[in-house]
Structures are given as structure tokens and as C-alpha cells.
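Some notes on the structure that comes next.
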Amino acid sequence: MKKIFLAAALLFVVATETLQAQQIFQLSQYMLNDFAYNPAVAGSRDNFITKAGFRKQWTGIEGAPTTVYAGIHGNLSQKKSAGIGALLFSDVTGPTRRLGVQLAYAYHLPLNLEGTTTLGFGISGILGQAAINFSDLVIDDAGDPQLGNGSQSKFGGDANFGVYLRSTNYSVGLAANQLFASKFNFLGNDEANIQNARHFYLMGNYRFDLNEKFGLEPGLLLKIGQGANPHGGNQCPRYL
């Protein structure tokens, strides 16, 4: 098993086992970007909502994760039952790059007569490109036949599923992303794949109305990546 050292102090393992990585991008303002993690959020509000953002993690470190995203979701049904949404993203970490688009559909069931509390179920399909620039790798053994040359990219698909409970003062969501754990084969054999890792998200928030003008709304994000320890908020590191 050979160690490949990156300028950003990331570690890849290239040998007789499939690479597993935490590939899903992270967002600092996760309370404002719940649709990025859970497709069941699509159409849960009264209006169409658009979001865009840029995030650079670990500023000053070469090869640090850099994410750009833009998304939109809303409800087309008069009964506010069917939601749709789309998300575009680019995520670059060291010599690796991921580009993708997610298309989501959600169905919301009213749980009371007023329609103020709904339970939504959503699914999204992902079409993405994973790329590695082998020229940016710093290796122990130059000319290693297990490594490629230049930049290589592969296309693949996956899917996310979510459940979202929303009421006037609170919301709770549970999502399972990259359900199929798709593989991206770069070197033409089963010994050098990058495989999607399944991710599970639990999100929640509650708004306390302090008076007619002010309120307090704490929130929580719990993220578990397959093969990784659970972490909350933005403290979950990337595993490569």
C-alpha cells in the first residue's frame, strides 16, 4: 500500500482496496441551505427560493476545500403539495474536483386542517463528474504504474432521499444521501476506484418568539458519513 502525499496534507490510499471519501460539500450556513442536504425541503415554503454561495475552508492552506453552489426550489401545486428543485455545485479539494447537478421532487402531506404542519417526502437524482489531476500529486515513487497521468474525469449518478416535518415554529429533517454509493473508476480496473460514501443528515430548528418583533431560532445539524464518526454542525472533517 503506497502513500501519496498532497500539498494540502490530504492522504489518498491507492492499493488493492477501493477508496472511500467524504465527498459531499460542507456549507457554513446550513440552517439557510437545508435544501442542499435534504430533497424533501423542496416546495415546503410558500414561495420559490433561490440560494447561491461560495465557501473556502481553511483559508491560507493550499488545496483547501472550495465550494460554489446555486439552487432553487418551490411549489407548483395549488394545494402546495408537490415541490421541485435544482442544485448546481462545484467542490474542489486538492487535486480532486466534483461538479454536479441535483434535480429534486417532493410531496408534502398536511397533518392538520389549517395546513400549517406538513410532512414531506423527497427524492433527488444526482448527475456528477469526479476528476483527479494526477499531475498535482506529490508521490514517493515517480512513474508509479498505478497512477494516471494528467487530469482524468468520470461521470456517474446517485440519489438522495429525505423526510421533512415542518410547522409554524419548528422543522425536523432526516436525509440519506448518495444512497447507491456509486463508483468512479479512473485506471480501468477494480483496484483504483473512488466510491461515494453514504451520508446521513439529521437537521432541526425551533423558533422562540420573544415578542412581536424579535425571535430566537437555534438549530442543529448532525452528519454521519459511512465509515466516519458522527459530528455536529460544521465540525465534521473530510475523510479522504
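The values are calculated or read from the model by the stated rules, or taken from the named source; none is laboratory data. It should be emphasised that the depicted structure is a prediction, and the values quoted were computed from it without experimental measurement. Because the Cβ atoms are built from the backbone with ideal geometry, glycine has one as well, and the counts that use them run over all protein chains shown.
Would you check if there is a residue in the range 179-200 being among the aromatic types (Phe, Trp, Tyr), closer than 16 Å to Phe25 by Cα, part of a loop (DSSP other than H, G, I, E, B) and modelled with pLDDT under 90? No. Scanning the range 213-240 for residues that are assigned to a loop (DSSP other than H, G, I, E, B) and either modelled with pLDDT of 65 or more or farther than 22 Å from Asn160 by Cα (or both) yields Lys213, Phe214, Glu217, Pro218, Gln226, Gly227, Gln235. Where residues in the range 122-143 are surrounded by 14 or more Cβ atoms within 10 Å (Cβ to Cβ) and at pLDDT below 85, which of them is farthest from the chain's Cα centre (by Cα)? In this case the residue turns out to be Ile139.
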